[in-house]
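Asker: Sharing a structure with you now.
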Amino acid sequence: MKVILRIAFALIGTSSFAQSDSIAVADADWLTTKISKGVVLKQASFNQNLFASNQYISILEIKQKRRYAVDLAHDDSVLRTTSNFGEAHKAIAAVNGTFFNMAKGGSVDYLRSDGSVINYNMLNKDGSRALHQKAAIAIKRGKLSLLQWDGTAEWEKSIEGEDVMVSGPLLLRDRSFVSLDSLTFNTARHPRSLIAKGRRNKVFFIVIDGRRELAAGMSLFEARNVLKWLKLTDGINLDGGGSSTLWISGQDFDGVVSYPSDNKKWDHEGQRKVANVILLKKNRR
């Protein structure tokens, strides 16, 4: 039975999504806002025409030029909103990061910042990795790359870069789907936060809103299809649910451009406090 279920969910990524869904993404009326040179915000609302549901997607598209750097910010004891992290670090934009301990603070996944290890993976009771500990974001001199776990116990230690954030799962690699299991974590619809890469070395901060009438949220099978239809090359899942937030300096609603769901209202005020974020900053090198 388990084998049959896994085969069935593997097929979700290809055959069961109608061609009309990919057309809906390609032909969406994206509201485009120029943030700064080479940085553009794109947002679109889908009315029952994407996976037979209402959806709302926000995408920050970034050309990785010398003027910009991607960075991590964290607090190992105090939880803060994504907007607070962004403002405190004088960032252009911020998206919530990887999974964290909601009671004690700090990441439950490996986190390296400025060359120092801040947190190690909190493993399952049997010593195995959690589903979200099998991929990573690496930042070297402000440039971002996405990596897949190689199966070794201390893989993170060998990753090059001053900043490393373990998260996951990886959804897209070199334009191809990464296999996903049929666990509820992957198959249920929730708000999702993603980091992706595209052609010409572009980076994308993506938030898919959810848990509201106007935005159902997506399974990771659905989310990776959206990445594929957007013609992106690589993509990774971050912490989602009530944590999902995209913040951009200088925008309305104190910069919160997505619809965080933690207050159970369709507004921009429902941010959940988190332990870490990914930032876009001006390069001061």
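Asker: Of all residues in segment 240-280, which are out of contact with any Gly (no Cβ under 8 Å at 6 or more places or on another chain), within 23 Å of residue 166 (Cβ to Cβ) and either assigned to a strand (DSSP E or B) or at pLDDT below 95 (or both)?
Answerer: Passing the criteria: 246, 280.
Asker: Now a separate question. What tally of residues in segment 105-118 results from selecting those that are crowded, with 16+ Cβ neighbours inside 10 Å and among the acidic types (Asp, Glu)?
Answerer: Count: 1.
Asker: On to the next question. If you scan segment 119-138, which residues turn out to be of a type outside the set (Lys, Arg) and either closer than 22 Å to residue 204 by Cα or buried (at least 21 other Cβ atoms within 10 Å of the Cβ) (or both)?
Answerer: Once the filter is applied, which keeps residues that are of a type outside the set (Lys, Arg) and either closer than 22 Å to residue 204 by Cα or buried (at least 21 other Cβ atoms within 10 Å of the Cβ) (or both), segment 119-138 yields 119, 132, 133, 135, 136, 137, 138.
Asker: Of the residues in segment 144-196, how many are assigned to a loop (DSSP other than H, G, I, E, B) and of a type in the set (A, V, I, L, M, F, W, C)?
Answerer: Residues meeting the conditions: 7.
Asker: Here is a further query. Return the total of residues in segment 207-239 being under 22 Å from residue 144 (Cα atoms), assigned to a loop (DSSP other than H, G, I, E, B) and in contact with a Phe, Trp or Tyr (Cβ under 7 Å, 6 or more places away or on another chain).
Answerer: Going through segment 207-239 one residue at a time, the tally reaches 2.
Asker: Another question, if that's okay. Select from segment 199-210 the residues that are closer than 17 Å to residue 44 by Cα and surrounded by fewer than 24 Cβ atoms within 10 Å (Cβ to Cβ) and list them in ascending order.
Answerer: The answer is 204, and nothing else.
Asker: Residues to consider are 138, 91; find the one that is modelled with pLDDT of 95 or more and either in contact with a Pro (Cβ under 9 Å, 6 or more places away or on another chain) or part of a loop (DSSP other than H, G, I, E, B) (or both).
Answerer: 91
The values are calculated or read from the model by the stated rules, or taken from the named source; none is laboratory data. This is a predicted model, so every value here is computed, not measured. Cβ sites come from the backbone with ideal geometry, for glycine too, and all protein chains shown count toward neighbours.
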